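I have placed the structure first, in the form of structure tokens, so that the comments after it can refer back to it.
What follows is calculated from the coordinates using simple rules that are stated; it is not laboratory data. What you see is a predicted model, and the numbers here were worked out from it, not measured in a lab. Please note: Cβ atoms are built from the backbone with ideal geometry, for glycine as well, and neighbour counts cover all protein chains shown.
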Amino acid sequence: MDSEINNYITKTVRVYGEGETRQRAFANALSNIRKEIVQDEGQVTLQIIPKNVHVLSAERVSYQEKFLFFFFKRTRVNYKIALNIDVELNAIDLRAIDFVDEEIPSPDHINIPDFAKLIRGDK
């Protein structure tokens with residue numbers, strides 16, 4: 001069982017991010033990379049290396065906010081970004097591992113004859 005089980009895979013992942021600043025929107029999008037990759041349950045990811053980042057869309061949404069409809073006007077800004085990221089994954093393919101089946105007795109098994117002796121008070 002010394003065969004190499006690590007696989008290096010190149011994948012393109014589409015992620016979205018949103019935040020009050022450009023940095024937060026971009027960081028939010030980058031933190032979603034792991035969530036997108038982990039969805040494939042047939043592998044365990046060891047390392048994620050972003051190679052190329054392509055911006056699909058980037059928008060700035062602003063609106064004016066007022067307290068009690070008249071007071072303390074302020075402009076709120078929200079940034080949204082969509083990215084295509086080429087990533088290189090170092091992953092283990094779980095389907096390539098052969099597990100050995102072994103059956104053991106149940107750990108919560110109660111030996112009934114011994115239990116009957118306990119009830120009667122016998123040793």
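A simple spin-label model places pseudo-atoms 7 Å from Cα toward Cβ; at Glu36 and Arg22 they are separated by 2.1 nm.
Note on the chain: with a GNM built from Cα contacts shorter than 10 Å, the maximum mean-square fluctuation among Ser57, Ser31, Ser106 falls on Ser106. A cut-off under 15 angstrom between Cβ atoms defines the neighbours of Ala27, and their net charge, with Lys, Arg +1 and Asp, Glu -1, is +3. For the chain, modelled as a GNM whose springs connect Cα atoms under 10 angstrom apart, the maximal fluctuation among Asp101, Asp93, Asp40 occurs at Asp101. For segment 15-123, the list of GluC sites (Glu not before Pro) that fall in a loop by DSSP and count at most 16 other C-beta atoms within 10 angstrom reads Glu20, Glu41, Glu102, Glu103.
Computed from label points 7 Å out along Cα-Cβ, the spacing between Thr10 and Asp93 is 1.8 nm. Rounding to the nearest 10 and keeping the result within 0 to 90°, find how far the Cα-based axis of helix 22-38 lies from the longest principal axis of the chain. Its long axis makes an angle of about 30 degrees. Only helices enter this figure: runs of n ≥ 4 DSSP H residues, each worth -39500 (n - 2.57), summed and divided by the residues of the chain, yield -6500 deg cm²/dmol at 222 nm to the nearest 500. Shape of segment 6-98 from the C-alpha gyration tensor: prolate (a/c of 1.5 or more and a/b above b/c, with a ≥ b ≥ c the square roots of its eigenvalues).
Please identify the longest segment of the chain free of exposed chymotrypsin sites (Phe, Trp or Tyr not before Pro), where exposed means a DSSP state other than H, G, I, E or B and no more than 12 other Cβ atoms within 10 Å. Of all site-free stretches, the longest is 1-68.
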